1. Which of rounded, prolate, oblate describes the stretch 43-135, given a ≥ b ≥ c as roots of the alpha-carbon gyration tensor eigenvalues and a/c under 1.5 marking rounded, otherwise prolate only if a/b is larger than b/c?
2. Quick one: which of 117-124, 146-153 comes out on top by average Cβ neighbours within 10 Å, and what's the full order, highest first?
3. Set the bar at 32 Å for Cα to Cα. Now go through Lys49/Lys143; Lys56/Lys143; Lys32/Lys127; Lys56/Lys91 and name every pair that lies beyond it.
Amino acid sequence: MKNQLISFLTLLFLFSSQYSQAQQVIRQLPCKNEDILHQADSVKAELAKQGFIIVKEASMTMESEYEMPVIVPLVEGSWYQFVFIGDVSSKLYEVRMFDWNERQVAYQKKQWGDVDGNVISYSYIPKFSEYHMIKPVQVNKKKKKNLCGYVMLLKKTR
C-alpha cells in the first residue's frame, strides 16, 4: 500500500510540474513601445469620436513570422472595429479573423511602404454571437524575436 501511495504521489508531482512548465510556454508577455502606444492613443481618440468604446486591448510580444492568436467573444449584429499595430521595423503585417467554424471572415494585409503601413484596422459585424479568433502576424526585416504588437477591439455604442 505504501509503495502504491509513493507511486501515485510521484506521478502526481510529474504531471503537475509538466503542467506548470507548459503554462509558462504559452503565457502572453506584454511589451512597451512608446511609438506604438502613441499610435494606439491616436486611433482610440479618433474611434471614440465615431462612437466606439474599447472592449479589449493589449500589448503583446511577438516573433517575426509567427501568428499570435487572440480569441474574443462577439455579439450578433454589433458593430466592431479591430485594430492591430505592429513594430515599425517590420516589412509586412497581416490580420486574419476566423469564426467559430474556422471560416475566414476578414483579411487585411499591409506592407512597410504603405501609408500607416504598421496599422491594420477593419470593421466587422458578426452574423452570430460566438467566439472569433483573430490572428495578427508581422514579418520583420531582421527576423526579430521580441517584436511589439498592440491589439484593440472596439464596439460601436452610438
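The numbers here are math on the coordinates, done by the rules we state, and not lab data. Fair warning: this is a prediction, and the values are worked out from it, not measured in the lab. All Cβ positions, glycine included, derive from the backbone under ideal geometry; neighbour counts span all protein chains shown.
1. Oblate, since a/c reaches 1.5 and b/c is not below a/b.
2. Output ranking for 117-124, 146-153: 146-153, 117-124.
3. Lys49/Lys143; Lys32/Lys127
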